[in-house]
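**Q** Sharing a structure, written as structure tokens. Questions coming.
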Amino acid sequence: MSQANQTASLGAIRHDWSAAEVKALFEQPFNDLLFQAQTVHRANFDPNAVQVSTLLSIKTGACPEDCKYCPQSNRYDTGLEQEKLMEVEKVLAEARAAKAQGSSRFCMGAAWRSPKKKDMPYVTAMVKGVKEMGLETCMTLGMLSAEQAAELAEAGLDYYNHNLDTSPEYYGEIITTRTYGDRLNTLANVRDAGIKVCSGGIVGMGESVSDRAGLLIQLANLPVHPESVPINMLVRVEGTPLAEEADLDAFDFIRTIAVARILMPKSHVRLSAGREEMNEQMHSLAYFAGANSIFYGEKLLTTPNPKANKDLQLFERLGIKPEQRCVEQDDDQQQAAVMAAVEKQQNDKFFYDATA
Ligand code: SF4
């Protein structure tokens with residue numbers, strides 16, 4: 001496609017992106033790329049709103065898969081404490097607290113290859129209970145069969161997260177226990193069941209720019225764009241094979257966000273893993289490039305969480321408001337809940353840490 005045609009088609013919903021086109025987007029001058037991404041972003045979203053989700057690990061560690069970045073794999077000794085599937089009531093208590101803090105979506109993650117038959121009654125009870133609170137529900141449980149996806153849909157699950165991680169070409173360097181095709185099958189099962197799709201990947205695993213382009217092309221060329229696209233920055237966990245991976249250039253990460261925004265104009269692009277290594281300037285650049293969703297992190301509700309505190313304060317400084325997604329709370333109520341949380345944290349010496 002010529003430069004002129006490319007500019008004209010900016011912001012169009014397409015499912016036919018070529019490798020050359022996307023590589024060209026990545027390679028243009030940084031300011032041009034950000035300008036295009038921000039233009040697409042403004043045409044589709046309130047540029048000063050960010051969706052806030054809370055993530056809870058409902059079953060931690062002992063995963064049989066071999067994802068090289070993951071401390072939850074049982075193949076790597078990372079010192080992670082394993083936990084069995086949480087009781088339904090405990091999960092619901094965490095969801096209640098997340099809602100009080102202004103979260104509009106509650107995501108529950110289990111480190112499984114795929115859920116077993118005996119697990120399904122528990123996870124569906126969690127979905128029903130969280131949904132009844134007026135929160136959007138999201139789960140990530142590994143691979144799903146068509147039947148399991150239908151069961152979760154029946155329980156009221158709004159979103160299912162299953163990441164593609166990287167390009168098909170680089171995938172074998174990172175995971176060997178499930179194929180790229182397996183992942184695409186799960187995404188198709190989820191979509192066919194009527195559940196919204198959350199799928200993205202990880203940047204900084206030693207992949208090339210072509211691999212980043214390849215990942216985004218896979219996502220954008222799905223029959224329907226994922227509603228949420230998490231772009232993670234590798235967290236180098238000691239004990240995992242990627243612990244010694246080289247530093248990622250922050251601008252390469254921002255470029256990936258910007259290209260994701262351009263390729264999937266109406267999707268929420270989410271910052272999640274790796275945020276603790278991003279400073280405020282990098283966060284604000286990511287928001288400018290089109291990121292409009294964050295995870296608060298799973299420890300927010302049970303332990304002091306300076307990161308959450310910093311997020312809320314940065315929102316205030318940038319004039320960002322949490323996006324309203326919840327059916328039972330109106331905008332003012334949700335805004336009030338978040339602002340009350342900011343005030344509480346600012347006034348509460350136990351939480352407030354000016355050096356954090
Ligand atoms: S499947 Fe998920 S939990 Fe298991 S090793 Fe891979 S990333 Fe970690």
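Nothing in this text is a laboratory measurement; each read-out follows from the coordinates by a stated rule. Small disclaimer: the values here were computed from a predicted structure and weren't measured. So basically every Cβ, Gly included, is an ideal-geometry build from the backbone, and we count neighbours across all protein chains shown.
**Q** Can you list residues from other chains, or at least 5 along the same chain, whose modelled amide H is less than 5 Å from the amide H of residue 49?
**A** Close amide H contacts, sequence-distant or interchain: 321.
**Q** Taking the number of other C-beta atoms within 10 Å as the exposure measure, put 245, 132 in order starting with the fewest.
**A** Working: 245 15, 132 12.
Result, fewest neighbours first: 132, 245.
**Q** Identify which of 221, 309, 279 has the largest mean-square fluctuation in a Gaussian network model of the chain, with springs joining Cα atoms closer than 10 Å.
**A** Maximum among the listed residues: 279.
**Q** If Lys and Arg each add +1 and Asp and Glu each add -1, what is the summed charge of the other residues whose beta carbon sits under 13 Å from the beta carbon of residue 317? Intermediate values should be presented prior to the final figure.
**A** Details: positive: 310, 321; negative: 280, 311, 316.
Its environment carries a net charge of -1.
**Q** Right, another one. For a footprinting-style exposure proxy, rank 284, 104 by other Cβ within 10 Å, fewest first.
**A** Numbers: 284 16, 104 23.
Fewest-to-most Cβ neighbours within 10 Å comes out as 284, 104.
**Q** Multiply the residue separation of residue 313 and residue 224 by 0.36 nm, subtract the distance between their alpha-carbon atoms, and state the gained length in nm to one decimal.
**A** Working: separation 89, 0.36 × 89 = 32.04 nm, distance 3.52 nm.
Full extension of this stretch gives 28.5 nm more.
**Q** Next question, about the same structure. 5 Å is the cut-off here: which amide hydrogens, built 1.01 Å from N in the peptide plane, fall below it relative to residue 268, excluding neighbours closer than 5 in sequence?
**A** Residues meeting the criterion, in which the H sits 1.01 Å from N, are 228, 229.
**Q** Please tell me which of these pairs span more than 26 angstrom C-alpha to C-alpha: 84/117; 68/116; 90/118; 90/266?
**A** Details: 84/117 16 Å; 68/116 23 Å; 90/118 19 Å; 90/266 34 Å.
Pairs exceeding 26 Å: 90/266.
**Q** Suppose we look only past 29 Å in the calculated P(r) of the chain. What percent of the Cα-Cα pairs does that tail hold? Each step should come with its number before you reach the end.
**A** Working: 24032 of 63190 pairs.
So the portion of pairs separated by more than 29 Å is 38 percent.
**Q** Still on this structure: Find out how many positive minus negative residues lie around residue 230, taking Lys and Arg as positive, Asp and Glu as negative, among other residues whose Cβ is under 12 Å from that of residue 230. Could the numbers behind the result be given before it?
**A** Working: positive: 270, 275; negative: 165, 227.
Charge balance in the 12 Å sphere: 0.
**Q** Right, next: Starting from the Cα-Cα distance between residue 30 and residue 114, subtract it from 0.36 nm times their residue separation and give me the gain in nm to one decimal. Walk me through the numbers before you get to the answer.
**A** Values: separation 84, 0.36 × 84 = 30.24 nm, distance 4.02 nm.
Computed gain between residue 30 and residue 114 is 26.2 nm.
**Q** Set the Förster radius R0 to 35 Å, insert the Cβ-Cβ distance between residue 247 and residue 19 as r into 1/(1 + (r/R0)^6), and round the FRET efficiency to 0.05.
**A** Working: r = 26 Å, r/R0 = 0.75.
Computed FRET efficiency for residue 247 and residue 19: 0.85.
**Q** To continue, here is another question. Only counting other Cβ atoms within 10 Å, I'd like 166, 240 sorted with the fewest neighbours first. Display every interim value, and only then the final one.
**A** Values: 166 25, 240 22.
Least crowded to most crowded, the residues run 240, 166.
**Q** Please compute the net charge surrounding residue 113, taking Lys and Arg as +1 and Asp and Glu as -1 over other residues with Cβ under 14 Å from its Cβ.
**A** Working: positive: 59, 75, 116, 117, 178, 183; negative: 65, 66, 119, 182.
After counting each charged neighbour, the total is +2.
**Q** Can you say what percent of the DSSP beta bridges in the chain, counting only those with both residues inside, are antiparallel? Round to 5. Let's see the in-between values first.
**A** Values: 1 of 35 bridges.
Just about 5 percent of them are antiparallel.
**Q** Let me ask something else about it. Calculate one ³J(HN,Hα) per residue across segment 81-89 by plugging θ = phi - 60° into the Karplus curve 6.51 cos²θ - 1.76 cosθ + 1.60, and present them in order as whole Hz with x for glycine and proline.
**A** Taking θ as phi minus 60°, the curve returns 7, 7, 9, 6, 4, 5, 5, 4, 4 Hz for segment 81-89.
**Q** Return the sequence-ordered ³J(HN,Hα) values of segment 91-100 in whole Hz as given by the Karplus equation 6.51 cos²θ - 1.76 cosθ + 1.60 applied to θ = phi - 60°, using x for Gly and Pro.
**A** My calculation for segment 91-100 gives 4, 5, 5, 5, 5, 4, 5, 4, 5, 5 Hz in order.
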